[in-house]
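What follows draws every value from the coordinates through simple rules; no lab data is involved. Keep in mind the model is a prediction, meaning the values are calculated, not measured. Glycine gets a Cβ as well: all are built from the backbone with ideal geometry, and neighbour counts include every protein chain shown.
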Amino acid sequence: MSARILVIGSSNTDMVVKSDRLPAAGETVIGGTFLMNPGGKGANQAVSAARLVEANAALAGRQVTFVAKVGNDIFGQQAMSGFQNEGINTTYILTDADHPSGVALINVDATGENCITVAPGANAYLHPTETEAALQSADADTLVLLQLEIPLPTVEYVVKQAASQGLRVILNPAPAQVLPSTLFPNLFLITPNETEAELFTGIRVTDIATAEQAAQKLHEMGVSNVVITLGSKGAYLHTGTHSQLITTSSVKAVDTTAAGDCFNGALAVGLSEGQSLPDAIAFACKAASISVTRMGAQASMPHRNELL
């Protein structure tokens, strides 16, 4: 039986415009294509995990639980319907009567690169105490997956509480922000990209050697395991006793939005199934390489049969 996955994080609706290039400051670019898709880092990772678990839709709902806060509006209603269609357990998703659902404005260029502005809405009001019920219901082998699109005090509370329960905590530290030093020792795994790794360590990650230096520094800060994601180069793993670069497939990227979310959701699935860290990372790299060949956030997340 696989371990369960508890994702705590944000839910947004993504407003996406795809054009030949990204606009410069003060510039308007004409000729784009508009799409509206469900998104939010937490929601993306929950959907990624739900689509990849070794189970049918009914069992997936017991394996992937999502904790979030949405507005009492059409975006929130659509999000809830989407989660339920994916087989995600929505018991602990709250509706905020006072604040709208989160929205992200995303520009994507012809190479798949993007820039994003997020209005967090109800996500900014997910309070620590509102995660208690989900944490208390977690089995001893549950994996807890977090990001940074909800309030930092809530992230700190969840990490501390989950660690006190003996649960393994994976933190995807995005969007990048400074974190308290007391957070790191309670993490089983952290998954920064190059920019986030530099913010935490002061080491600019430009190659494998500097990735190793940054990963070692994060380990010294107390994190048990470190995975620095390197885009098309793959991901660098450091456990304190073992380090290696795990490469990914070469693909033509259409939209890199949510590739990191796909990676983290897939990584949690691999670990929940008892895969070793290197194998789980390779599994996650494969999933992410598929996701960038498609437009959208949750829409781009692959199903298990596509990886096989």
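Some points to look at:
- With both labels modelled 7 Å from their Cα along Cα-to-Cβ, the D207 to V17 distance reads 4.0 nm.
- Gained length - L35 relative to A124, 0.36 nm times residue gap less alpha-carbon distance: 29.6 nm
- Compactness relative to 2.2 N^0.38 Å, alpha carbon Rg of the stretch 106-193: 1.22
- In the chain, lysine pairs closer than 15 Å at Cα, eight or more apart or cross-chain: 4
- Gyration tensor over alpha-carbon atoms, the stretch 32-151, equivalent ellipsoid semi-axes in Å: 24, 19, 14
- Charged side chains reduced to their Cβ positions (Lys and Arg at +1, Asp and Glu at -1) give the chain a dipole of some 400 debye around its Cα centre.
- Measuring max minus min along each principal axis, the C-alpha atoms of the chain give extents of 52, 43, 39 Å (largest first).
- Report summary: the helix-based calculation at 222 nm, which adds -39500 (n - 2.57) for every DSSP H run with n ≥ 4 and divides by the residues of the chain, gives -10000 deg cm²/dmol.
- Mean separation of Cα contacts under 8 Å, 6 or more apart, over the residue count of the stretch 137-256: relative contact order %: 17
- Pairwise centroid distance, computed over Cα atoms, of the stretch 114-137 with the stretch 27-48, Å: 19
- Calculated FRET value between A140 and S276, using beta carbons and R₀ = 22 Å, to 0.05: 0.60
- GNM result for the chain, Cα springs below 10 Å: residue of C285, C262, C115 fluctuating most strongly: C115
- Neighbour net charge for S101 - beta-carbon separation under 14 angstrom, K R +1, D E -1: -4
- Taking G121, G274, G31 as the candidate residues, the one with maximal mean-square fluctuation in a Gaussian network model of the chain, Cα springs under 10 Å, is G31.
- Kirkwood Rh, Cα atoms: Rg over Rh of the stretch 134-177: 0.97
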